[in-house]
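Take a look at the structure below.
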Amino acid sequence: MPEMDGIQAMQGIRKVSPSSRVLVLTSFGDNQHVRDAIQAGAVGYLLKDVLKSDLLRAIHAAAQGQPTLHPEAQRQLMRQVTTPARSLLDDLTPRERDVLRLIVRGQSNKEIAATLHVTEGTIKGYVSTILSKLGVVDRTQAALYAVKYDMGADA
């Protein structure tokens, strides 16, 4: 689709006609596409390898508001539900994790620098990177995020 993708088209359709039921027929079976389509309001998600009889059943089901998912889409959703959510803490380097642990303990940049034997400027750089990676605006929010995701002071 030259001007927008299928998700954007579906969102536009649902915005204009909220009662519309959209059945997605696509070649994309990956987790992101399945999730995006369902979040955008798709009542069904089928891959293009679906049998004609299954497609017809899905169309009738969609008309009645009943969901239909291709087996691969079902697998993707099952994987998403059963796989533990990835924490943003996983994106931190070991050194950034060390700095964050010390932030959780309430240490200042100066104290962290002394503990890790680096300059205070280096710690300021680490703190800035940590805040950015975690999507928070200050040290307190970073510490709260770390505690929430079980990265306690002793971890």
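The values are calculated or read from the model by the stated rules, or taken from the named source; none is laboratory data. Quick caveat, the model's predicted, so the values are computed rather than measured. Every residue, glycine as well, gets a Cβ built from its backbone with ideal geometry; the counts of neighbours run over all protein chains shown.
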Task: Close pairs from segment 30-43: first under 15 Å from ALA9 (Cα atoms), partner modelled with pLDDT of 90 or more and of a type in the set (Lys, Arg), Cβ under 9 Å, at least 6 apart - done: GLY41/ARG21; ALA42/ARG21; VAL43/ARG21
Task: Boolean, ALA63 is surrounded by 12 or more Cβ atoms within 10 Å (Cβ to Cβ), aliphatic (A, V, I, L, M) and either touching a residue at least 60 places away in the same chain (Cβ under 8 Å) or in the same structural domain as LEU23 (by TED's automatic domain parsing) (or both) - done: no
- [ ] Considering each residue of segment 48-85, count those that are polar (S, T, N, Q) and more than 30 Å from the chain's Cα centre (by Cα), and give that number.
- [x] 2
Open item on the list: Please go through (1) more than 26 Å from ARG57 (Cα to Cα); (2) in contact with a Leu (Cβ under 8 Å, 6 or more places away or on another chain); (3) not charged (D, E, K, R) for VAL104 and return the number of the only condition it doesn't satisfy.
Closed with: (2)
TODO: Can you give me the ranges of the helices (runs of 4 or more DSSP H) entirely in segment 9-111 with at least 2 residues that are under 30 Å from SER128 (Cβ atoms)?
DONE: 94-104
Task: Selected residue (only one of ARG95, ARG21, ARG57, ARG75 is surrounded by 11 or more Cβ atoms within 10 Å (Cβ to Cβ), at pLDDT below 90 and of a type outside the set (Phe, Trp, Tyr)) - done: ARG75
